[in-house]
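Inspection log for the structure reproduced underneath, given as structure tokens.
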Amino acid sequence: MAQTALAPAKIPNLPSLGGTENQDLSPLMERKLGEEIMRDIRRDRDYLDDGPILEYMNNFGNTLVDARPGARGEAKYDYFFFVVRDPQLNAFALPGGFIAVHSALLLAAQNESELASVLGHEIGHVVQRHIARSIGQQKQDALIPLAAMILAALASRQGGDAAMGVFLGGQGIAIQRQLNFGRDAEREADRIGFQIMGEAGFDTSGMVAFFQQMQNATKAYSDLVPSWLLTHPLTSERIADIQARIREQPYKQRVDSLDFYLVRSRARVLQDQSASGYNEARMFFQSQILQESWQQKAAGQYGLAFLSMKQGDTAAAQSWLDQAYATVNAPVPKIGLSSAPRGRAETIFAATSIEIKLAQPDNKEVLAKAVKEAEAAHLKFPLSRGIAHQYGEAMLAAGQLEEAAVYLRDQAQLYREDIEAYDLLAQVYAKQGKLALQHIALAESYALQGGVLSALDQLNFARKAPDASFYDQSLIDAREREWQARRREEMGDKGKKDMAETRPAFKAEFKSGPDKDASPFDRYNNMFNQSTNPFDRLRKQNDNDITSPGLMAR
């Protein structure tokens with residue numbers, strides 16, 4: 001069927017709010033705060049540090065950002081999109097352009113337009129600076145006793161009348177203002193996300209479809225909480241609002257990329273790495289390969305390849321990967337919509353092929369092939385950080401230490417915040433017996449991860465190493481002065497302490513109305529054994545240290 005290419009819909013933009021919130025949290029401080037929170041998140045076991053997933057999410061997310069003029073703000077944020085392992089349908093925005101998606105949400109999205117609706121919503125929170133504005137709201141209501149918030153949360157579980165009794169107290173108006181701010185921010189983010197979808201060429205009905213999924217997933221809980229106690233608007237209200245906007249736009253059809261399906265297969269395997277989780281994933285992939293859609297079939301075969309590799313069966317992994325590649329490259333029927341050009345997902349296939357070979361560390365012949373494949377892939381996809389890391393890892397595994405050292409030094413110079421490049425470089429130096437350089441590389445890695453004290457310890461080890469040259473000593477001295485100054489700045493950063501003491505309750509999240517995790521009371525959910533967020537351990541640690549920047553995520 002012939003398809004008519006439609007230009008992106010021209011949707012009136014909401015004003016970009018700025019100025020007054022800078023008094024509470026400047027864009028640069030917001031970014032710095034987000035970076036500090038990310039250092040904690042990256043160390044968490046539920047952070048999916050997977051090259052293909054991160055690469056897809058950031059390519060996809062930045063396509064949406066680029067469709068919105070001014071989305072990077074006056075501080076020119078480099079947005080970073082990532083996935084965390086969690087069974088709930090949710091996503092959230094941290095200060096400074098860091099946006100997370102739960103693995104369950106990635107799996108629940110049926111197409112890229114639905115995923116775009118989620119990311120567009122979270123980008124809307126960043127564009128409108130909702131976190132900075134919420135801090136100003138918190139300062140206005142700073143006299144609200146936290147005990148009243150706990151009582152309100154408890155009362156809401158007992159029924160509307162009990163909760164109303166709490167709100168009739170002297171603090172009721174201030175608490176309600178906080179809830180109203182959350183609902184207004186969510187409505188605003190919905191509209192910004194809708195605009196971004198249209199401007200980026202996605203099907204805007206995907207937002208309604210995903211809202212409906214969320215409504216079904218939270219229906220049981222929504223009956224227990226009155227609408228006036230929610231931080232998010234009722235999902236039915238959000239659906240009605242977006243449906244009214246969709247009527248004013250022409251229908252657009254968008255073909256999903258193959259990368260979307262393959263990344264979801266990887267996420268399904270990584271979401272639950274227990275024996276039962278692997279069995280469920282295997283059954284899902286086996287049913288998926290029976291479907292008529294070539295994308296679904298290829299995704300099922302690819303999923304079985306990735307699963308087999310994770311279980312240590314590299315022969316089966318290579319066989320399934322070859323089958324998936326054959327499915328993608330099969331002749332295209334010249335009928336219907338299938339006549340559209342097929343995406344090849346070449347980067348993901350190349351990375352997985354190298355990954356399978358690197359999983360065989362005792363086979364020198366296979367490792368030599370991995371080096372050749374990684375070199376060719378790096379030349380073909382020079383911007384892929386995942387493949388760049390694999391190239392260094394392959395040379396290290398194959399014993400090509402000098403070549404690996406030269407290559408990784410160049411990578412560390414080109415990408416000065418590449419933690420993995422420094423980690424690999426440290427491993428190369430360790431195998432070469434270059435102790436001073438090994439500790440210097442580890443120091444750089446720790447410093448990038450926020451561990452300034454650990455980095456300074458590594459510099460001390462490097463200074464005492466017998467092979468430390470005059471140049472090494474000079475570098476150690478320079479780095480030591482720089483990091484000690486940074487630590488003094490962090491210890492004496494009064495502004496950050498003041499913000500932490502405000503304990504803002506707002507977190508920009510993409511959830512339906514009954515959002516217990518995003519409520520102003522969720523820091524106390526552990527008292528009621530209600531929370532299932534994967535970062536509970538981090539939040540518990542942060543509650544014991546009131547100066548921790550992690551509190552700003554809520």
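The label point for residue 78 and the one for residue 184, both projected 7 Å from the Cα toward the Cβ, are 3.5 nm apart. Which percent of the Cα-Cα distances in the range 340-492 go past 19 Å? That fraction is 58 percent. Its Kirkwood hydrodynamic radius, worked out from the mean inverse distance over all distinct Cα pairs, puts the range 354-416 at 11.5 Å. Using the Cα coordinates of the range 302-402, the gyration tensor eigenvalues translate into equivalent-ellipsoid semi-axes of 28, 17, 9 Å, sorted from longest to shortest.
Report the rotationally averaged projected area of the range 74-136 based on its alpha-carbon convex hull, in square nanometres. Average of the hull's projected areas for the range 74-136 equals 4.6 nm². Kirkwood radius and radius of gyration were both taken over the C-alpha atoms of the range 252-330, and their ratio Rg/Rh is 0.99.
Between residue 346 and residue 482, the FRET efficiency estimated from the beta carbon spacing at R0 = 56 angstrom works out to 0.85.
One way to sum up the overall shape of the range 401-456 is the equivalent ellipsoid from its Cα gyration tensor, whose semi-axes run 18, 14, 7 Å, largest first.
Which pairs in the list 76/369; 369/434; 252/380; 310/372; 252/297; 297/369 are over 30 Å apart, alpha-carbon to alpha-carbon? Result: 76/369; 252/380 exceed 30 Å.
Each reported figure results from applying straightforward, stated rules to the coordinates on display, with no laboratory input. Keep in mind the model is a prediction, meaning the values are calculated, not measured. Heads up, the Cβs are rebuilt from the backbone with ideal geometry, glycines too, and the neighbour counts pull from every protein chain shown.
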